[in-house]
1. How much length is gained on full extension from A:L422 to A:V406, taking 0.36 nm per residue of separation minus their Cα-Cα distance?
2. Out of B:G33, B:F52, B:T23, whose Cα points farthest toward the positive end of the dipole of segment B:23-63 (charges: +1 Lys, Arg; -1 Asp, Glu; placed on Cβ)?
3. Where does the charge balance sit around B:L134 when Lys and Arg score +1, Asp and Glu -1, over other residues with C-beta under 14 Å from its C-beta?
4. Using only Cα atoms, what Kirkwood radius does segment A:231-297 have, in angstroms?
5. Once Lys and Arg get +1 and Asp and Glu get -1 on their Cβ, which of A:I408, A:G470, B:L141 lies farthest toward the positive end of the dipole of the protein assembly as shown?
6. Would you list which lysines come within 29 Å of A:K200, measuring only between C-alpha atoms, while excluding same-chain residues fewer than 8 positions from it?
7. How high is the relative contact order of chain A, in percent, counting Cα pairs under 8 Å that sit 6 or more residues apart?
8. Kindly work out what percent of the DSSP beta bridges joining two residues of chain A are antiparallel, to the nearest 5.
Amino acid sequence: MHQRVYHLKPCKTLTLLLSLLMALSGCTNDHNTNVITGALTQTLHIGNGAEPQDLDPHIVTGVTEHRIISALLEGLVGKDPKTLKPIPAVAESWHISDDRTHYRFRLRKNARWSNGDPVTAQDFVYSWKRILSPGLGAEYAYQLYSVLNAEAYHKGRLQDFTQVGVTAVDDHTLDVTLTNPTPYFLAILDHYSTYPVHRKTIEKFGSMDKRGNRWTKPENYTGNGPFTLKSWALNRIIKVEKNPTYWDAGNVKLNAIHFYPVENASTEERMFRTGQLHITSTLPAEKIAVYRQKNPDQLYINPYFGTYYYLFNTRRPPLDDKRVRQALAMSIDRNSIVTNITKGGQRPAGAFTPPNTLGYTAPTQIPFDPVRAKALFEEAGFPAGKNFPTLELVYNTSESHRKIAVAIQQMWKKHLNININLTNQDWKVYLARRKSGDYDIARAGWIGDYLSPNAFLEIFTRDSGNNHTGWSDPEYDARMQKSQRASNTNKRMEWFGQAEQLLLEAAPIAPIYTYTNVYLRSADVQGWHPNILDHHPYKYVYLSGSHD
Amino acid sequence: MTLFLLKRILQAIPVILIVTTVTFFLVRAAPGGPFDTERTVSEEVLNNLQSFYKLDQPVHIQYQDYLKNLFQGDLGPSFRYPNRTVNEIIADGLPVTFELGLYAIIFAVILGVVAGIIASLRPNTLQDHLPMSLTMIGICLPSFLLGPLLVLAFGIQLEWLPVSGWGYSPGDKILPVVTLGSAYAAYIARLSRAGMLEVLGQDFILTARAKGLPQWRIVTVHALRGGLLPVVSFLGPATAGLLAGSFVVETIFQIPGLGRFYVQAAFNRDYTMILGTTILFAGLIITLNLLSDFVTAWLDPKQGFVKK
């Protein structure tokens, strides 16, 4: 019939396509990667997780945003890149009163905004008024609650801002009055929520306390940090450039930083592997072993200021019984979880506050002790798990949360002979259930905002909105109060220890492990010091080219 | 013809309205809100946020306001990205998604039609089996697997092509286009093979052969028009699927398109963003289906749109 004449041959087409592909790609094979050109131009290329919500320090709440904002703005106080101790930034010095509730900051006269205006004490008063304005709905306003009357103003109970404990004595002197001595107050001043914003710019593009202000567009942005916002291409790249008006510009070595919002960790790793990035924000767990073996010098695993834990809903029986909670917490083999599941150098956590936080480590730990756990269960009326109801464990959808939940489900089955149902939920549903107390056991994680045990222990005080367990204890609150008023660091840490001991005994939570930061970094990157907060002031970072 | 078009356009309006309404109420019924975060937001802050975005008003008022703004082309501010409006985000991402989808569909059509024709010319021989089994692989390989495999081969091992980006460096569009287009190329190949086989067996082709016309003329002039009919009716929904489903490819290749916003808006409970993108894609699907119906009708002599 009609099978005679054939002009097209499949192999010919394939050859044609392949040669076209090669022709198109020929020019990319020149090995001029970002990493190589970056070292020549001092341009750092960073994988930055997600697209930032905004670059307004009073609006945003995430790590992604922090990484960019810390290049664009600077607070009164900075931090030492190695030790994280507070060091002078916009304030060149400060004086703290004997009762430690009055701070006087002397601002540097050469601190400038990127448009040349001087950075003044009034800028800080304005900025703090802005974040505390009820209308702005700033989620991080509570960072300033230690300032006298700040909370009342933010909650609308006080209308007159002059009664809030922040005053500009003159252009370069700022007085701050606190309600109570707050040992970590200086550390908070390097949190972006307390950073200054440029009044004229804010008011040119919107009102002080309205969201949706356009001042953060690159053409409008005025900052006072070591870098200025050059461009912001949605979902592509954010470029910042060295700010010539920055008071310490002479010591800023990088000329530019490019932030890439790469959400997919595997994509980010591939970008790193092909020299498009100097630093990644993370590394897929399954790649850790590969890098350990092949490129250990590029793999960084650092302790991080966060704890992975489970919440027990103490309002629901049988979890209202302390012994049941203790038994559950004691039958988790944390070592096995970090070595067999997470595999990223995480440390098993027997306490809530990460170890060695400013020298503080919890005095007691929840042990892995199945024998004792069994005995406690028996005491509580569930010998060998008899009559124990089937509980539900809720976690937000993620492969690693699932694996951990399955492991713990097995451990509880093995050691206590009880059954747990696992439920994974979409992030927002999971959050809503946690918040409304609609769970038995829930997975949780907490990252400290500032370096103090308070950043962790504070959430189990009665008034904290982040305590979803239904547990509270006046004695715990009293010990936390005492830690605030303690006369010296040792005393303070002692009170933290006593409070945490109480918490671990009551066991409304079962800590599981201390987070680590796992990321890749090119050997070119210098002055990037691993630390527990994963904060890296860019003014100290530079690139050394080692490519020949 | 005009009546046909007019009728279809008028039909589209209630469809869009229904999609809008259902989506509007569904997103509000979903548990969790746009301002739920890991760190609990205080009651006062939450109230202020809700009143700023007018979420504290009765739902029917919110709905009325939304429709009113929609008719004026205003999709509202994004809850997730406070300094951007949904219109701005769409204006930024849509061209990229369009470009990606357009290249992918062109790639799919060329590869698919050529493979389909080749296969149909010698049914049940190696020339048929080889391209058809390749297309079977194409259909079976999901883009989240094919993408990384292509990257591994051409990006990392051979170092021919960039592993990510869109228009940042030469050649970075090739892998995403191939990844996105492959599955569709496979479908198109199978459709055009079947269509061609049917047409090639008909009497008028026999007549053409009897006239002694060369094979290429028979294929291009006589058979192709009828043989591609199934492909054309597939192209409408396929293009819409390509555009709305580019999320995976955009994520793998770090492409700043709209697909990522479309999906993440749902996770973020970014109500306005969910609505904006849903309405947009609904409109696109309707338009593209309309277009493909129109072209099908035009190609098919039985429909009588073309003058005899």
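1. 5.0 nm
2. B:T23
3. Working: positive: B:R190, B:R193; negative: B:D128.
Overall, the nearby charge balance is +1.
4. Details: mean 1/r = 0.0708 Å⁻¹.
Here the Kirkwood hydrodynamic radius works out to 14.1 Å.
5. B:L141
6. A:K79, A:K109, A:K129, A:K155, A:K210, A:K217, A:K230, A:K239, A:K242, A:K539, B:K54
7. Values: 1086 pairs, mean separation 101.5, N = 548.
Relative contact order, chain A: 19 percent.
8. Numbers: 52 of 66 bridges.
Around 80 percent of the beta bridges assigned by DSSP in chain A are antiparallel ones.
Read-outs throughout are calculated quantities, based only on the coordinates presented, and are distinct from any laboratory measurement. Everything quoted here is computed from the prediction, not taken from an experiment. Every residue, glycine among them, receives a Cβ derived from its backbone with ideal geometry; neighbour counts consider all protein chains shown.
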